[in-house]
Amino acid sequence: MTTIERKPPLGKKVQLMATCLCDAFYDDAAIATVQVLEHLGLTVEFPEAQTCCGQPAFNAGDWNASRRVVRHLLRTFKSELPVVVPSSSCAAMVFHGALLAFEHERDLPEVEQLARRTWELADFLVNGLGVTSWPGRFDGAIAFHRSCHTRGTRSAEAAATLMRSIPGVTLVEFGEAEQCCGFGGTFSVTFPHISEAMGRLKLQHLRAAQPQFLVGVDTSCLMHLSGLAEKEGRPVQHRHVAQVLRDALKNGGLLAA
Amino acid sequence: MKTQPIDQFACTLPPEKRQSVYNGTKATHEKRTKLLAGDFADPDRLRQLAGEVKQHVIENLDTLLPQVEERLTAGGAQVHWAADAAAARRHVLAILQRRGATRLVKAKTMVSEEIELAPFLEAHGIECLETDLGEFIVQIDHDHPSHIVRPIIHKNRREIATSFEKNGLGAYNDAPEVITRRAREFMRKKYLAADAGMTGANFVVAESGRLVVVTNEGNSRFSLAAPKCHIALVGIEKLLPRDRDLALFLNLLARSATAQQLTVYTEFIRGPRAAGQPDGPEEMHVIFVDNGRTDVLAGECREILRCIRCGACMNVCPVYRQVSGHAYRSVYPGPVGAVLSPLLAGEDFLEKADLPKASSLCGACNEVCPVNIPIPDLLLRLRDKGKRAGAASPGLPPMGPWALLASQPVVWKAALIGGRLLDYIPPGLIPVPAMHAWAASRTLPKWRGGVFRKWLRQREKRKTETGERKA
């Protein structure tokens, strides 16, 4: 993935882009993100006007609609602070997708400015802040699904590095790990049968590895996979990576009340 | 449920075909990945380099094509230019008719599929025999290739044995050795009787005018060596600047296409039989085919012209694996086809505008591409182009109203609260097609709209109160 050169984070303050899925369904993943960042001594600012990154329309080919949302994003996150996103997909929309959609637009420099300071959470922790091991304790075998938007970025390796370092965690290998889970945003509803088949294949590989937890850097993949599993009547326990990091702190008595 | 054409195709695909495609692609992809990682310290760097070389080629066709014409002509070959499919067919027919040729043996060339050459020649009384075993089976079955490297990836050996029997090639026997031997016996006679042979070219080197053809069956060697006339049908983007670039490209092509270090046969052809050479065709023609490629070059998806037709993108593609190549209604299927086919369709773009949507945009294709084509970006550009051209998009929720919602925070926050209704209304009663499509196979998590924001507010309040108490 061609991405823009990122600015190293300076200072002790970040902006949080919580993502629309956390806003609507996965509040605890967003809460965990705040707690993880605060544990590292950072102040987290949450711009109230935030909505979505614009990716649904971008992927659907409605770039006009997508630019409208991205322009709202630019206004909402106007600052010099690093923007941290608990999603590789939404982060990639900002530092890759939006650049494509704005290629011929006059406000491309503003998009580039936001792109240069936008980070997926695990990437930010490891490659932005230099945190390479995580304290506390988390007991369990984890199957880590590398979301497709981590391709060409350092996010998947970063998340794996952090989790592997937590006492009690074992990362289990599973088949065809590089394959997509079948979510793909609007793909999941415009190609529902193919999406389902891809998801079932992923679940089959995951279950064969017998993990206690399915963990990912994106709630979107988790929503699709856990939704499929639940509909089958065989639910899977799933966590966002931020929740694993936060729970490790909690279990180690390291989380400030 | 209204879904996209390729999704509907997936529902009708017989399970055994899906299994054949899945097994074949997965095995090749995994072998390829292992081989590249075992043989090279940094295979990704090789892919990037090859991508840069091909990008250089397509951006310099204006100087490289005249150069290659000059070299080929100097070597004794005749060069022809075909602006479109009809022109390419006419060139082939004219060459054959001038020689009074009625029997053509053909090695694999995707361009010949693209210009629908075989039915055209048959209509003019010329027998046109496919000599690549897969293409031969497709031909006797009146089927279409479903993969650019493995045309019959959708068939198993029982189906092949049945069609051999039906076509008078011996009683049913599905042992691969028997099938191969029978095809060989049939074809050997055809090679010897042929008036002309046709091949494609995997690469044509501008510096030397050298054509390179790789195969695993040796059929290209027979097709171009036995008959008196050799015709090569080549897309204009197939050039490489220098002979030494072949080292990089041959290493990448075989590994990417068939997970081999090198294909079994690699032909380097510099012209027809020269004086003093013991054999070879007395006449050689190279037909360079444009057929929409310069329009692609002028557009925003020109990187697709780097493609060296290895098929690695289809082997890794989760969608291709579920639907097979026939779902794409095009000569070029899979991720590369989803980009190339709508572009080459020209005025009929809208008929193929659904193809770029048949992707979860997972990016696996870009990761394996030996010339590092940013396929997902190109798919996205074509979706945008399709939208602007008014292409239909069945099943897609309208994005305009959504964008309106997502750019007005007050309405957004109200929707976060209002969304709770989702917990009480069965998905079947919600008049949104996308909801039905989702809920057919998946549950929706419990709505927790606004909960995170409330948590933040309460915490803020607590902090302020504690602060006040301290003060």
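The values are calculated or read from the model by the stated rules, or taken from the named source; none is laboratory data. Worth saying up front: this structure is predicted, and the values here are computed from it rather than measured. Heads up, the Cβs are rebuilt from the backbone with ideal geometry, glycines too, and the neighbour counts pull from every protein chain shown.
Given the criteria facing another protein chain (nearest Cβ under 9 Å) and at pLDDT 95 or above, does A:G41 qualify?
No.
Among the residues of segment B:421-438, which ones are at the interface with another protein chain (Cβ under 10 Å from one of its Cβ atoms) and either surrounded by fewer than 17 Cβ atoms within 10 Å (Cβ to Cβ) or over 14 Å from B:K2 (Cα atoms) (or both)?
B:L422, B:V432, listed by residue number.
Can you tell me which residues in segment A:76-101 are within 12 Å of another protein chain (Cβ to nearest Cβ) and over 18 Å from A:R146 (Cβ atoms)?
Result: A:T76, A:G97, A:A98, A:L99, A:L100, A:A101.
Could you say whether any residue in segment A:102-114 is of a type in the set (A, V, I, L, M, F, W, C), without any contact (Cβ under 8 Å) to a residue 12 or more places away in the chain and either outside any helix (DSSP H, G or I) or away from chain B (no Cβ under 11 Å) (or both)?
First pass over segment A:102-114, keeping only residues of a type in the set (A, V, I, L, M, F, W, C): A:102, A:108, A:111, A:114.
Those still in the list that are without any contact (Cβ under 8 Å) to a residue 12 or more places away in the chain too: A:108.
Now restrict to residues that are either outside any helix (DSSP H, G or I) or away from chain B (no Cβ under 11 Å) (or both): A:108.
Taking every residue of segment A:102-114 in turn, at least one turns out to be of a type in the set (A, V, I, L, M, F, W, C), without any contact (Cβ under 8 Å) to a residue 12 or more places away in the chain and either outside any helix (DSSP H, G or I) or away from chain B (no Cβ under 11 Å) (or both).
Would you mind telling me which numbered condition in (1) under 15 Å from B:E303 (Cα atoms); (2) in contact with a Gly (Cβ under 6 Å, 6 or more places away or on another chain); (3) in a helix (DSSP H, G or I) B:N372 fails?
The one condition B:N372 does not meet is (3).
Conditions tested, residue by residue: (1) in a loop (DSSP other than H, G, I, E, B); (2) touching a residue at least 40 places away in the same chain (Cβ under 8 Å); (3) touching a Cys at 6+ places or on another chain (Cβ under 9 Å); (4) crowded, with 22+ Cβ neighbours inside 10 Å.
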site	(1), (2), (3), (4)
B:V178	no, no, no, no
B:F186	no, no, no, no
B:L192	no, no, no, no
B:V213	no, yes, no, yes
B:E217	yes, yes, no, no
B:L224	no, yes, no, yes
B:L248	no, yes, no, no
B:N251	no, yes, no, no
B:A257	no, yes, yes, yes
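Table: residues versus (1) touching a helix residue (DSSP H, G or I) at 6+ places or on another chain (Cβ under 7 Å); (2) under 27 Å from A:G253 (Cα atoms).
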residue	(1), (2)
A:W134	yes, yes
A:T150	yes, no
A:Q179	yes, no
A:S188	yes, no
A:L206	no, no
A:F213	no, yes
A:M223	yes, no
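Return yes or no: is B:V289 touching a Gly at 6+ places or on another chain (Cβ under 9 Å) and buried (at least 21 other Cβ atoms within 10 Å of the Cβ)?
yes
Looking at segment B:446-467, can you tell me whether even one residue there is surrounded by 13 or more Cβ atoms within 10 Å (Cβ to Cβ), under 16 Å from A:D27 (Cα atoms) and β-branched (V, I, T)?
The answer is yes, given that some residue of segment B:446-467 is surrounded by 13 or more Cβ atoms within 10 Å (Cβ to Cβ), under 16 Å from A:D27 (Cα atoms) and β-branched (V, I, T).
State the number of residues belonging to segment B:267-303 that are more than 18 Å from the chain's Cα centre (by Cα), in a loop (DSSP other than H, G, I, E, B) and either polar (S, T, N, Q) or in the same structural domain as B:A247 (by TED's automatic domain parsing) (or both). Show your work before the answer.
If we filter segment B:267-303 for residues that are more than 18 Å from the chain's Cα centre (by Cα), which is where we start, we get B:267-288, B:294-295, B:298-300.
Next, from what is left, pick out any that are in a loop (DSSP other than H, G, I, E, B): B:270-282, B:299-300.
So of that shortlist, the ones also either polar (S, T, N, Q) or in the same structural domain as B:A247 (by TED's automatic domain parsing) (or both) come out as B:270-282.
Within segment B:267-303, residues that are more than 18 Å from the chain's Cα centre (by Cα), in a loop (DSSP other than H, G, I, E, B) and either polar (S, T, N, Q) or in the same structural domain as B:A247 (by TED's automatic domain parsing) (or both) number 13.
Filter segment A:164-193 down to the residues that are more than 9 Å from chain B (Cβ to nearest Cβ), in contact with an Asp or Glu (Cβ under 9 Å, 6 or more places away or on another chain) and either buried (at least 16 other Cβ atoms within 10 Å of the Cβ) or farther than 16 Å from A:A141 by Cβ (or both) and list them by number.
A:V169
Being in contact (Cβ under 8 Å) with a residue 60 or more places away in the chain and either part of a helix (DSSP H, G or I) or among the charged types (D, E, K, R) (or both) is the filter here, so list the residues in segment A:6-19 that pass it.
Scanning segment A:6-19 gives A:R6, A:K7, A:K13.
May I ask you to list the residues in segment B:378-402 that are part of a helix (DSSP H, G or I), surrounded by 15 or more Cβ atoms within 10 Å (Cβ to Cβ) and at the interface with another protein chain (Cβ under 7 Å from one of its Cβ atoms)?
Result: B:L380, B:R383, B:D384, B:G386, B:K387, B:M399, B:W402.
Give the residues of segment B:403-420 that are facing chain A (nearest Cβ under 7 Å) and either exposed (fewer than 15 other Cβ atoms within 10 Å of the Cβ) or under 20 Å from A:T219 (Cα atoms) (or both), sorted by residue number.
Matches in segment B:403-420: B:A406, B:W412, B:L416, B:G419.
Quick check: anything in segment A:61-75 out of contact with any Ser or Thr (no Cβ under 7 Å at 6 or more places or on another chain), more than 8 Å from every other protein chain (Cβ to nearest Cβ) and not in a helix (DSSP H, G or I)?
For segment A:61-75, residues out of contact with any Ser or Thr (no Cβ under 7 Å at 6 or more places or on another chain), more than 8 Å from every other protein chain (Cβ to nearest Cβ) and not in a helix (DSSP H, G or I): absent.
In the list A:E230, A:E196, which residue meets the criterion of being surrounded by fewer than 20 Cβ atoms within 10 Å (Cβ to Cβ) and either without any contact (Cβ under 8 Å) to a residue 40 or more places away in the chain or part of a helix (DSSP H, G or I) (or both)?
A:E230
Just give me the residues in segment A:10-38 being within 9 Å of another protein chain (Cβ to nearest Cβ) and either charged (D, E, K, R) or closer than 19 Å to A:R116 by Cα (or both), in sequence order.
A:A18, A:D23, A:D27, A:D28
At least 3 residues that are assigned by TED's automatic domain parsing to the domain that holds B:E237 and in contact with a Lys or Arg (Cβ under 7 Å, 6 or more places away or on another chain) in each: list the helices (runs of 4 or more DSSP H) lying fully within segment B:1-61 that qualify.
Of the helices (runs of 4 or more DSSP H) lying wholly inside segment B:1-61, those with at least 3 residues that are assigned by TED's automatic domain parsing to the domain that holds B:E237 and in contact with a Lys or Arg (Cβ under 7 Å, 6 or more places away or on another chain) span B:43-59.
Just to check your reading of the model, which residue among B:G125, B:G100, B:G170 is in contact (Cβ under 8 Å) with a residue 40 or more places away in the chain, in a loop (DSSP other than H, G, I, E, B) and surrounded by fewer than 21 Cβ atoms within 10 Å (Cβ to Cβ)?
B:G100
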